[in-house]
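All of the numbers you see were taken from the coordinates with simple rules; none came from a lab. What you see is a predicted model; the values in this text were computed from it and never measured. Because the Cβ atoms are built from the backbone with ideal geometry, glycine has one as well, and the counts that use them run over all protein chains shown.
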Amino acid sequence: MSQQIKEVSLSRKLINVEDYRQQAKAVLPRIIFDYLDGGAEDEKGLKLNRSVFDEWLFKPKRFIDISHRDISCNLFNKKWDAPFAIAPTGLNSSFWPKGDFLLAKSAAKANIPFILSTASNMSIEEVAQSCDGEKWFQLYVVHEDLAVQMVRRAHKAGYTTLIITLDVGINGYRERDIRNEFGLPLRFSPSLVIDGMMHPAWTLRFIRAGMPQLANFITSENHSLEVQAALMSRQMDTRFNLESLKRIRELWPHTLLVKGIVRAEDAQSAINYGADGVILSNHGGRQLDCSVSPMETLHDVSNSIDRPVLIDSGFRRGSDIVKALCLGASMVCLGRTTLYGLAAKGEVGVNEVIQLLKKDVDRTLAQIGCVSVKQLDTQFITRR
């Protein structure tokens, strides 16, 4: 009976992001899906990140010619075809072989930014050489010397934007991963072997591709196993402060963003010390379980600085994206959303999710009487 239910799930028509999530759940072993889907502690942050969008309602305008609409946006002297980007996510080859490459390829095809994570399974150089399109790099500061190496490598490889993540000073208490004993390398426990047998397509891909590794550390000048272990346990440089930001700013000649902020004063400090913009984030509910959602502070932050404000955490629909743009966001970054597509159907799934969201944003614009994302502001939205 359970096999019949799974077959029905796999044949279901996928028409929204939740459908791709359910598909991913069906095709991935539990330990892998829990890593993708899970959050910290009681996962209240996960629920808040989704429920917070219900706090805002649209106020549609009428008598507007909506026959021609434009969802493109301008950011950092470049025109993008949609107001969203693929956020930095780690261990993407756990979901599909060469996951980082497939995400970057899909982003280039859609003309949206792709952000490579420090915890990627393909190196900075491999991704840069593998596909066209503008690429950004997200930096975890595990060690100051290692951070300098990463920054220089990203610059040499042609990355245009550097993103420093601040909200992983220590590891969040992710109880699903702890119970599953998730880590690299994966432990082939009896339960994992049995689970793998229940998901043969994923298992065959995994065997053919080999065990995912943190590629940026294998090619580093440091002892890779020691550094990989530190990254997996989120043993970051807990001394990182504004002076640390200033030193990296002096090294990096292009656009620099600071990610993991939810407070206006922190955004102001980042700008004062050289950042070109910020990314509001609570790390998708994976770090501090009771953190505010970045949507709750977005309007205040966007009014406090005169630089771009990007945002992530919890976005699943085009209407979510439009609400953030109304509140002052310059662009939305998508993490799990595109990973559900990757896990479900590989490159095809990522492409489908991106197109689905493009159409969803466009449809929302038409419904609220706005012909361009550039015209979105608080006149189209109200707090419940």
Checklist entry - Which residue, 178, 164, 86, tops the fluctuation ranking in a GNM of the chain built on C-alpha contacts under 10 Å? => result 178
Checklist outcome for this item: To the nearest 0.05, the calculated FRET efficiency linking residue 79 and residue 290 through their beta-carbon distance, R0 being 30 Å, is 0.15
Checklist entry - Name the residues of the range 355-384 whose amide N is less than 12 Å from a point 7 angstrom out from the Cα of residue 59 along the C-beta direction? => result 377-384
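Multiply the residue separation of residue 44 and residue 383 by 0.36 nm, subtract the distance between their alpha-carbon atoms, and state the gained length in nm to one decimal. All intermediate terms of the calculation are to be shown ahead of the outcome.
Values: separation 339, 0.36 × 339 = 122.04 nm, distance 2.15 nm.
Stretched out fully, the residue 44 to residue 383 stretch lengthens by 119.9 nm.
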Checklist entry - Do you know the relative contact order of the range 2-383, to the nearest whole percent, from alpha carbon pairs under 8 angstrom that are 6+ apart? => result 27
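What's the extension gain from residue 129 to residue 194 if we count 0.36 nm per residue and subtract their Cα-Cα distance?
On the way: separation 65, 0.36 × 65 = 23.40 nm, distance 3.75 nm.
Length difference between fully extended and current span is 19.6 nm.
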Checklist entry - Taking the range 263-384, how many lysine pairs are there with alpha carbons less than 16 Å apart, if each pair must be eight or more places apart or span two chains? => result 4
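What do you get for chymotrypsin sites (Phe, Trp or Tyr not before Pro) in the range 120-212 restricted to DSSP loop and a cutoff of at most 12 other Cβ within 10 Å of the site's Cβ? The partial results should precede the final answer.
Working: sites: 136, 137, 140, 159, 173, 182, 188, 202, 206; in loops: 140, 159, 173, 182, 188.
Here the sparse-neighbourhood loop sites are 188.
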Checklist outcome for this item: Taking alpha-carbon centroids only, the range 97-158 lies from the range 244-279 a number of Å equal to 19
Checklist entry - Among 328, 38, 183, whose mean-square fluctuation peaks in a Gaussian network model of the chain (Cα, cutoff 10 Å)? => result 183
